[in-house]
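Everything on this sheet refers to the single structure shown next.
The values are calculated or read from the model by the stated rules, or taken from the named source; none is laboratory data. This structure is a prediction, so every number in the text was calculated from the model and none was measured. No Cβ is skipped: glycine too gets one built from the backbone with ideal geometry, and neighbour counts run over all protein chains shown.
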Amino acid sequence: MVRFIQTSDWQIGMKGGGLGEAGQIVRDIRVESIHNVFKTAQERKVDFVLLCGDIFEHNMISQEYVKKVVTIFNQYPDISIYLLPGNHDILGADCVYNREIFQRVEHLTILRADSVEVPEAILHPCPVLSKFTTQDLTASIPIVRETDGIHIAVAHGSLVGKFPMSNWEDIELPINPSCIDRTGIDYLALGHWHSKRLFKDSTGIARIAYSGTHEQTNYDEGDAGQCLFVQIDGKGEVPKIESIKTGKLSWETKQFEMKDSSSLNELKNYFESIKGIDLVKLALCGELPLECKEELDNILEFQTTLHKNFREKTESLTITVPPQLETSFDFGDPTLIQTEKHLKNLLENEADSEKRIIIIEALAHLQRFGKEVEK
Ligand SMILES: [Mn+2]
């Protein structure tokens with residue numbers, strides 16, 4: 001029987017683009033949550049931890065980040081670590097794992113081309129040697145149907161037939177799921193996709209798995225922030241695969257439809273319900289009367305102080321003009337009448353919703369000003 005933790009795509013040193021000040025927080029937390037992977041390994045008393053590539057964002061990663069990761073490795077000296085480089089930390093002359101510091105970590109093995117006997121199993125690595133290869137990465141897995149032991153292949157790439165692109169030749173780093181039938185391996189551990197995904201072999205048994213990243217990297221990812229605990233009782237047995245949360249950050253993506261002024265209250269209730277979420281991306285759509293715009297702006301501004309990152313998109317929200325703006329207002333002053341005409345012309349020819357809001361606000365100010373003069 002073999003028991004191990006599968007993890008991948010830590011992407012240590014990633015930029016966290018578009019997250020503003022939260023980028024640094026996300027970068028730091030990615031390092032911290034590695035502890036959750038090893039703590040899980042300790043709790044489950046596994047035979048080893050299997051890292052399936054893209055542990056670092058690139059091979060030129062600063063030594064500071066390397067030391068941070070090695071420091072964590074060294075806090076768990078009893079846990080054997082097997083690491084297959086991916087496309088970000090690709091094998092080659094400048095591979096980050098060639099650095100001297102990694103040679104001194106006794107419980108770490110970098111997987112290259114050769115099969116490796118590990119406690120309770122045999123690993124068959126499928127290394128990435130070119131970032132843009134369109135050759136099936138699993139071609140090197142030996143046929144092990146008649147060979148004793150539990151055989152686990154390890155690869156980093158995209159599973160053919162499960163990837164949105166249909167043409168084999170167009171997929172970079174292709175992984176052919178039929179390698180299970182071809183070779184008789186018990187399990188195929190994969191990295192490269194950031195979400196957890198399990199796939200069945202031709203007999204309906206889930207033997208192919210992506211753990212996904214240990215800590216979600218952006219708003220678009222679903223089912224990220226975990227590692228897999230895998231137990232295989234013997235050769236040919238059904239793998240038991242359990243996902244265990246390792247991520248610390250919570251993410252929320254929401255589209256919110258505004259209808260009228262009552263929508264502001266609904267929006268407030270929604271915000272109340274997501275108080276504890278770290279990173280929030282909100283897209284507003286529908287319509288909101290102009291008189292509610294200021295309140296909306298204030299609500300949104302306050303949200304930026306409650307979350308590590310708060311991003312709002314308002315391009316699809318239409319700010320509706322109050323009826324009195326439609327009819328011409330009697331200013332009794334030629335300059336004000338001219339200004340109003342000019343603004344209305346601008347409004348008629350403006351398609352950009354952000355700019356329209358500015359013009360509408362200017363018109364509203366002008367009318368308010370005109371009324372005050374009247375008094
Ligand atoms: Mn990758």
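Per the listing ARG197, ARG207, the residue uniquely of a type outside the set (Gly, Ala, Ser), within 16 Å of the ligand (Cβ to nearest atom) and under 14 Å from PHE229 (Cα atoms) is ARG197. Scanning region 1-22 for residues that are under 30 Å from ASP186 (Cβ atoms), part of a loop (DSSP other than H, G, I, E, B) and either more than 14 Å from the ligand (Cβ to nearest atom) or of a type in the set (Asp, Glu) (or both) turns up MET1, ASP9. For the condition in contact (Cβ under 8 Å) with a residue 24 or more places away in the chain and surrounded by fewer than 18 Cβ atoms within 10 Å (Cβ to Cβ), what is the one hit in VAL31, VAL49? From the options VAL31, VAL49, the qualifying one is VAL31. Annotation note: Cβ proximity below 6 Å between a residue of region 1-20 that is charged (D, E, K, R) and a residue that is assigned to a loop (DSSP other than H, G, I, E, B) and surrounded by fewer than 20 Cβ atoms within 10 Å (Cβ to Cβ) (sequence gap 6+ or interchain) occurs for ARG3/ASP47. State whether one or more residues within region 44-51 are within 16 Å of the ligand (Cβ to nearest atom) and outside any helix (DSSP H, G or I). Within region 44-51, one or more residues are within 16 Å of the ligand (Cβ to nearest atom) and outside any helix (DSSP H, G or I). GLU215 fulfils the conditions (1) modelled with pLDDT of 95 or more; (2) in contact with a Phe, Trp or Tyr (Cβ under 6 Å, 6 or more places away or on another chain); (3) within 16 Å of the ligand (Cβ to nearest atom); (4) not small (Gly, Ala, Ser) except for a single criterion, (2).
Rundown of residues vs (1) modelled with pLDDT of 95 or more; (2) among the basic types (Lys, Arg); (3) in a loop (DSSP other than H, G, I, E, B); (4) within 16 Å of the ligand (Cβ to nearest atom), yes/no style:
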| position | (1), (2), (3), (4) |
| --- | --- |
| GLN24 | no, no, no, no |
| ASN36 | yes, no, no, no |
| THR40 | yes, no, no, no |
| GLY53 | yes, no, yes, yes |
| TYR82 | yes, no, no, no |
| ASP94 | yes, no, yes, no |
| TYR97 | yes, no, no, yes |
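If only one of LEU198, LEU129, LEU123, LEU190 is assigned to a loop (DSSP other than H, G, I, E, B) and assigned by TED's automatic domain parsing to the domain that holds GLU57, which one is it? Answer to the selection: LEU129. Filtering region 164-180 to residues that are over 14 Å from SER140 (Cα atoms) and either at pLDDT 95 or above or touching a Pro at 6+ places or on another chain (Cβ under 8 Å) (or both) leaves only TRP168.
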